[in-house]
Amino acid sequence: MREAQPTAILLQDYQPPAYLLERTELQFLLYEDHVVVDSRLQFQRRADSPAGAALQLHGEELELLSLAIDGRALEPGDYELTEQGLEIETVPASFQLQCRTRIRPQDNTSLEGLYKSHSMFCTQCEAHGFRKISFYPDRPDVMSVFTVTVEADRARYPVLLSNGNLVASEDAGQGRHRATWHDPHPKPAYLFALVAGDLHYVEDSFRTCGGRDVCLRIYVEEKDLGKCEHAMRSLKKAMRWDEEVYGREYDLELFNIVAVDDFNMGAMENKGLNIFNSSCVLCNADTSTDATFQRIESIVAHEYFHNWSGNRVTCRDWFQLSLKEGFTVFRDAAFSAAMGSPTVKRVEDVKLLRTAQFAEDSGPMAHPVRPESVIEINNFYTLTVYEKGAEVVGMIHTLLGPEAFRRGSDLYFQRHDGQAVTCEDFIRAMEEASGMDLGQFRLWYSQAGTPTLRIQDEYEADTQRYTLHVQQSCPPTPGQPHKQPMVIPLAMGLLGDAGNLPLRLAGAAPDPETADNTSRVLVIDQAQQSFVFEGVAERPVPSLLRGFSAPVRLDYQFSKGDLHALMSRDDDGFVRWDSAQALATRIILEVQDQLQAGAPVAVDGLFTQACSELLADESLDPAMVAAMLALPGEDYLAELASHAGGADVDTLHAAREAVKVAVAGACRESLLRRYEQLASSAPYAPDGPQIAARSLRNTCLDFLCSAGGSHLERALAQFRQARNMTDRLAALRSIAFYGEESQRESALQSFYADWRHDSLVVNQWLGLQAVTPAGDAVARVRELMRHPGFELRNPNKVRALVGTFASQNPVHFHRLDGAGYGLLADVVQQLDGINPQIAARLLTPLTRWRNYRGRAELMCSQLRRLAAMEKLSPDVFEVVSKSLEDAD
Ligand SMILES: [Zn+2]
């Protein structure tokens, strides 16, 4: 039997803290087998909290050595110590608490709080890590000015870092030294950071718009000094962009980044001392792909942007997480769009949202952008809070327009600087700055689930009137059986034979945002609405949800001819891509029906013709051609099928491959022509034109190889001759997917022999084998878990091998003998005692048991096996119990 089940915390129970914390002074004495933490905390009772309120501090896994108030030592009877913290019944209105604790970072495998990664000390405090360092009011609405002294052995830990500015460094005798850091900006404990290690750095500087010089440093192990240049360049671009677009200037003398190998998240925005998972900051042309370069630029910017949206203005409580994350993801997406191709960036974001966030929104863990009930907050760092949260901010931007939105963000930053606030405060600032009522819009923060827009149309040739009938609905989600109509901005246009038509909406002025009058935003705010357009000279094809103007499902019965027209000629790049995807989806499902009926496979010639036209269109950005040609992923197709009784994984995979082979056959000449034409001998650069060319060239190679035969020789040659990691890995992937077993094995072995010394490259190698459909993937993954290149304690390795297998290799993960599910449950069981946060996240694919035909019982039996485990973390308990809630 398990002990008492973990209980949920509710947003409605929020109470402000009884005591404010003016100053926090910390001293860390670092040793090999323990760390002593001394704290001096200056508390002040809040004016409106009752006299005599008890002082409550969080604390977990701490050894309390001493406790005193204003210099008077407390006896065990003066306070109550529990598993979660410490309560002192009677304290003065204003006092200093002194506390000494001992912790053991070398044994901390959860990677929360202070821990060791290789020989380095580092921290991760968001959301609840600080309570594993010292007794403290560990909640984001308690903000304090920190002064931190770190003392350690000088030879082992020559570099000692914390937040803010360095104010002193001195010798401490006996081979030890100490450094003192002061951060003048009040912050909650989750933004605290400490790093000590044998680190080297790359340095640069940035002059702010206010004329101040900021010293920028990236700290890494010596071997990685050659992998920092791109992150540094990205940081400087992000600093400039935030000044120009949001008027935000950096506010300390220095900005430090540290790369750490063992890290649960991607990166963390600690004030003035960002800590990065090494996979999200280190790169160079030899070892990293184009996608890695782009991801690093975006994550460096994201963490930097948090300095304002998150640090200067922070969250009142963790239910408001999207206040900082949704807004900051929106900001980093706009930055990435400005640095590269806006349409391709939008397409990538929408792919993630529609595949994984929509699945989350229709599964057992569905929750609103601002959740109302949480067992373990670590389970709410979700795509809903981040990506859907960013879409919600994006819709505000669309509804207000860029100028009013900027006035709103200025007001928000100015009004709430130094405060811990709520999503409501953000919306109110937007309302006040724009004069727009966002009352009904707020439902996006409180209603879970993905709305559907069902659209029908009518055209009357004699009156030249065209009518769109729009119905919105949103399915029930856990705890929310009925939904109210939301405010949905629907950007649209009308496509005629010769291009997009001018829009004259009956009873409305032209949309001021679009000069050419061929695009406008319809605001859908009722369950049913109709919009009449006048002077429409021909029956148009509607171009709907341009730019993906809202995170909704679109239900309109396009004909295949309509989709072909939109993908070839519409003005909106997103709609062109989306129509290509929709057409490909239609074709794959047709082939799936043929396979299920035992009929011969026949791929509609319209589709292969559309692919040849795309390949021939040299006016289009090659990155767009690649994105439009790439067939929708099996995970996306499965998500779509979840509404039709669940996906049949095996025939879906076979149908998708058959369509690929048909394209390879029908477009052989044009695929070969583009493949040859896009070859380049220029030195590698991660810039837009080169990335676009590589992306299309490797897409062509992948199509060709799917047909097998002599094309594999081309992949083998590219693999041997590649001068950058993008081309090398793309070729290896095609060989692994479509080559003979001997070709596959020898290429994989030679790749490992070349790159075994580089852990991040080895992770790519692990991930590739995890997704390869050829061979017995379950056995391969189990074997790789015993390989020297794998390590269960390292989150990057677990994600690369096990996470990738479960989420991106559907044919093997969903094997009918249940071996794939058994593998995942085994790993979760093993990992839960080591790192519950990662264990819980790994479980996501099993929670989707409703989406797969004939698999529910197999998947649920593994969830039940985990539920029956004797010791289960709250993290895994929450995911397992919610997933099983209505399974029986
Ligand atoms: Zn963030």
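About its Cα centre, the dipole of the range 673-743 is roughly 200 debye, where the only charges are +1 on Lys and Arg Cβ and -1 on Asp and Glu Cβ.
Rolling a 1.4 Å probe across all protein chains gives residue 119 an accessible area of roughly 80 Å². Remark: relative contact order (the chain) = 8 percent; criterion is Cα-Cα distance under 8 angstrom and separation of 6 or more residues.
Among 328, 463, the order of accessible area from largest down is 463, 328, computed with a 1.4 Å probe on protein heavy atoms. Note on the chain: with charges restricted to the Cβ of Lys and Arg (+1) and Asp and Glu (-1), its dipole about the Cα centre is near 900 debye.
Averaged per residue, the range 633-786 has 41 square angstrom of accessible surface, using a 1.4 angstrom probe with ligands and nucleic acids left out. Remark: accessible surface ordering of 495, 81 (largest first) is 81, 495, probe radius 1.4 Å.
May I ask for the angle, rounded to the nearest 10°, between helix 560-569 and the longest principal axis of the chain, with both axes built from Cα atoms and the value confined to 0 to 90°? So the inclination is approximately 70 degrees. Annotation for the range 716-747: trypsin sites (Lys or Arg not before Pro) lying in DSSP loop with at most 16 further Cβ atoms inside 10 Å of their Cβ are 723. Counting every alpha-carbon pair across the range 570-627, the share separated by more than 20 Å comes to 33%.
In the chain, the calculated helix contribution to ellipticity at 222 nm averages -12000 deg cm²/dmol per residue, counting -39,500 (n - 2.57) for every DSSP H run with n ≥ 4.
With respect to the chain, whose longest principal axis is taken over its alpha-carbon atoms, helix 342-352 is tilted by about 80°. Computed from Cα atoms, the angle from the helix 321-339 axis to the main principal axis of the chain rounds to 50 degrees. The length gained by stretching the chain between residue 811 and residue 168 to full extension, at 0.36 nm per residue less their Cα-Cα distance, is 225.6 nm. Any idea how far the Cα center of the range 745-814 sits from the one of the range 605-647, in Å? Using only Cα atoms, the two centres lie 27 Å from each other. Take residue 567: with every protein chain present and a 1.4 Å probe, its accessible area is about 10 Å². Accessible surface of residue 755, taken over heavy atoms with a 1.4 Å probe and every protein chain present, rounds to 40 Å². So, counting K/R as plus one and D/E as minus one, what does the shell of residues with Cβ under 14 Å around residue 664 add up to? Cβ neighbours under 14 Å give a net charge of +3. Per-peptide packing, taken as the mean over residues of other Cβ atoms within 10 Å, places 798-807, 469-478 in the sequence 798-807, 469-478 from highest down. Once you divide the Cα radius of gyration of the range 185-299 by 2.2 N^0.38 Å, the number left is 1.05.
Calculated from the alpha-carbon coordinates, the chain shows an Rg and a Dmax of 28.1, 95 Å respectively.
Of the solvent-accessible surface of the range 678-764, computed with a 1.4 Å probe and all protein chains present, 48% belongs to carbon and sulfur.
Computed from point charges on the beta carbon alone (+1 for Lys and Arg, -1 for Asp and Glu), the dipole magnitude for the range 1-156 about its Cα centre is near 380 Debye. Think of the chain as a dipole: +1 on every Lys or Arg Cβ, -1 on every Asp or Glu Cβ, centred on the Cα centre; then among 605, 507, 523, 605 lies furthest on the positive end. Rolling a 1.4 Å probe over the heavy atoms of the protein chains gives the range 251-348 an accessible area of 20 Å² per residue. Toward the positive end of the charge dipole of the chain, with +1 on the Cβ of Lys and Arg and -1 on the Cβ of Asp and Glu, the farthest Cα among 20, 30, 315 is that of 30. Each of 807, 874, 537 was scored by the projection of its Cα onto the charge dipole of the chain, and the greatest displacement toward the positive side belongs to 807; charges sit on the C-beta of Lys, Arg, Asp and Glu.
Set the Förster distance to 35 Å, then compute FRET efficiency between residue 682 and residue 560 from the Cβ-Cβ distance, nearest 0.05. With R0 = 35 Å, the Cβ-Cβ based efficiency is 0.30. With a Förster radius of 41 Å applied to the beta-carbon distance between residue 606 and residue 229, the computed FRET efficiency rounds to 0.30. Largest accessible area first, the listed residues 785, 624 line up as 785, 624 when surface is computed with a 1.4 Å probe on the assembled protein chains. Looking at the chain alone, DSSP beta bridges between its own residues are antiparallel in about 80 percent of cases.
The values are calculated or read from the model by the stated rules, or taken from the named source; none is laboratory data. Because the structure is a prediction, the values reported are computed rather than measured. With ideal geometry, Cβ positions are generated from the backbone for all residues, glycine too; neighbour counts draw on all protein chains shown. Remember, those area values only see protein heavy atoms, side chains included, never the ligands or the DNA or RNA. Shrake-Rupley method; radii C 1.70, N 1.55, O 1.52, S 1.80 Å.
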